Amino acid sequence: MVVSSQPVVRLVQPKAVLAGVVLCLGAVLSLPVMAAPPTLTCQSDANVFNTGYDGNGGKLSRGTSDLNWEAGLGDPSGFTSVTNWTPANVVGNLAPNAWVNSPYGNAEWVARENGQSDGRGSIVYYRYRFNLDPAVPLDSFALQFDFYIDDRIQQMVVNGAEYKNYVTPASPTGQGGYTSDSRLSETLLNGPTLAWRTGENSIIIKSWNLVRPTGFLAQVKVRAPCPPQVAIEKTASANGPVPRGSDIDYTVTAKNTGAVSADGAVVSDPLPAGISSAS
């Protein structure tokens, strides 16, 4: 009887181990995978910075992953305290009696995990990484954000350097929030506290939470990341004095030397004093 029972023990044990391996592999394979950071050219649609954007002018459904925005749990020391960045999840309005419903048709609330995991005093970070094409002029590249956050934004970091600190003595937890009257706007443009660069860039939002749930909603108002570059040139048919009563022809040339259209641009060339007539 002892001999006949040994094979049973030996057969059951490997199955248990294999089952555990299969379960672990299944859990790993089911994790959402971040897409490669998008590359922006002057023709890119800046709505790709919106939270919950579907890439086709609308927004993703609740329960799906935002593969551009990431989220991570950290501590007050800064974004380097985050040990695990994962895709932010589209959660919609988790607090209908408190949060503003998304006023945008192409942006939706996102959160870390399901937005219900992080309680009082939690520090949740949101990160967006992207590449700038070499043709994008860094000095004129600008992103104009509108955003809401639960509960408060504490800091915005661009390319590893602090762009703005929202913590003040009057509001030690930060500023902004999740109601219709607590929307914040920021225009991110090269300056003393921001330096865009060709290649990879990053934007990180540090938020403080009081009670569950947590969430972040952002929309970029500027549709093209590069402005048109309009150049004006005027030449005259004569470069010196001409006989009284003679005609002079002026040619005004307007050129768009940028990479995006300049629809709606107006060129004006008023007549200077001393010109009696012109056609």
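The values are calculated or read from the model by the stated rules, or taken from the named source; none is laboratory data. This is a predicted model, so every value here is computed, not measured. Here the Cβ positions follow ideal geometry from the backbone for every residue, glycine too, while neighbour counts run over all protein chains shown. Note: areas computed on protein heavy atoms with side chains; ligands, DNA, RNA excluded. Shrake-Rupley method; radii C 1.70, N 1.55, O 1.52, S 1.80 Å.
Every residue, every condition in (1) open to solvent by 30 Å² or more (accessible area, probe 1.4 Å); (2) modelled with pLDDT of 95 or more; (3) over 26 Å from Leu138 (Cα atoms), yes or no:
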{"position": "Leu40", "(1), (2), (3)": "no, no, no"}
{"position": "Asn50", "(1), (2), (3)": "no, yes, no"}
{"position": "Val82", "(1), (2), (3)": "no, yes, yes"}
{"position": "Asn93", "(1), (2), (3)": "no, yes, yes"}
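Would you point out the residue of the stretch 113-129, among those that are within 16 Å of the chain's Cα centre (by Cα) and not hydroxyl-bearing (Ser, Thr, Tyr), that is most open to solvent (accessible area, probe 1.4 Å)? Write out each step before concluding.
In the first step, residues of the stretch 113-129 are kept if they are within 16 Å of the chain's Cα centre (by Cα); the result is 125-129.
If we keep only those that are not hydroxyl-bearing (Ser, Thr, Tyr) as well, we get 127, 129.
Numbers: Arg127: 41, Arg129: 69 Å².
Within the stretch 113-129, the match that is most open to solvent (accessible area, probe 1.4 Å) is Arg129.
All but one of (1) touching a Pro at 6+ places or on another chain (Cβ under 7 Å); (2) open to solvent by 10 Å² or more (accessible area, probe 1.4 Å) hold for Phe141; which doesn't?
Condition (2) is where Phe141 drops out.
Any residue that is under 24 Å from Leu40 (Cα atoms), in contact (Cβ under 8 Å) with a residue 12 or more places away in the chain and part of a loop (DSSP other than H, G, I, E, B) - is there at least one of those in the stretch 208-221?
Restricting attention to the stretch 208-221, the residues satisfying the condition of being under 24 Å from Leu40 (Cα atoms) are 216-221.
Among the residues that remain, those that are also in contact (Cβ under 8 Å) with a residue 12 or more places away in the chain are: 216-221.
Checking which are part of a loop (DSSP other than H, G, I, E, B) leaves us with 221.
Checking the stretch 208-221: at least one residue is under 24 Å from Leu40 (Cα atoms), in contact (Cβ under 8 Å) with a residue 12 or more places away in the chain and part of a loop (DSSP other than H, G, I, E, B).
Please go through the stretch 52-80 and pick out each residue that is without any contact (Cβ under 8 Å) to a residue 12 or more places away in the chain and either open to solvent by less than 40 Å² (accessible area, probe 1.4 Å) or under 15 Å from Val124 (Cα atoms) (or both).
If the condition is that a residue be without any contact (Cβ under 8 Å) to a residue 12 or more places away in the chain and either open to solvent by less than 40 Å² (accessible area, probe 1.4 Å) or under 15 Å from Val124 (Cα atoms) (or both), then Ser77, Thr80 are the ones that fit.
Residues are listed down the side, and each one gets a yes or a no for (1) part of a strand (DSSP E or B); (2) closer than 26 Å to Thr83 by Cα; (3) touching a Ser or Thr at 6+ places or on another chain (Cβ under 6 Å); (4) free of Cβ contacts under 8 Å to residues at least 40 places away in the same chain:
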| residue | (1), (2), (3), (4) |
| --- | --- |
| Tyr104 | no, no, no, no |
| Tyr125 | yes, yes, no, no |
| Phe130 | yes, yes, no, no |
| Pro134 | no, no, yes, no |
| Asp139 | no, no, no, no |
| Leu143 | yes, no, no, no |
| Asp146 | yes, no, yes, no |
| Ile149 | yes, yes, yes, no |
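So which of Ala231, Ala265 ends up being within 42 Å of the chain's Cα centre (by Cα), in a strand (DSSP E or B), farther than 30 Å from Asn101 by Cβ and at pLDDT below 80? Even if it seems obvious, please write down each step before you answer.
Values: Ala265 fails: in a strand (DSSP E or B).
So the residue among Ala231, Ala265 that is within 42 Å of the chain's Cα centre (by Cα), in a strand (DSSP E or B), farther than 30 Å from Asn101 by Cβ and at pLDDT below 80 is Ala231.
Those residues that are of a type in the set (Val, Ile, Thr), buried (at least 18 other Cβ atoms within 10 Å of the Cβ) and either in contact with a Leu (Cβ under 7 Å, 6 or more places away or on another chain) or within 25 Å of Leu132 (Cβ to Cβ) (or both), I need them from the stretch 181-218; list them, please. Reasoning before the result, please.
Looking only at the stretch 181-218, we keep the residues that are of a type in the set (Val, Ile, Thr), and these are 187, 193, 198, 203-205, 211, 214.
Right, trim to buried (at least 18 other Cβ atoms within 10 Å of the Cβ) and you get 203-205, 214.
Of everything in the stretch 181-218, those that are of a type in the set (Val, Ile, Thr), buried (at least 18 other Cβ atoms within 10 Å of the Cβ) and either in contact with a Leu (Cβ under 7 Å, 6 or more places away or on another chain) or within 25 Å of Leu132 (Cβ to Cβ) (or both) turn out to be Ile203, Ile204, Ile205.
Which members of the stretch 151-180 meet the condition of being surrounded by 18 or more Cβ atoms within 10 Å (Cβ to Cβ), touching a Lys or Arg at 6+ places or on another chain (Cβ under 8 Å) and either modelled with pLDDT under 95 or part of a loop (DSSP other than H, G, I, E, B) (or both)?
Matches in the stretch 151-180: Tyr166, Gly174, Gly176, Gly177.
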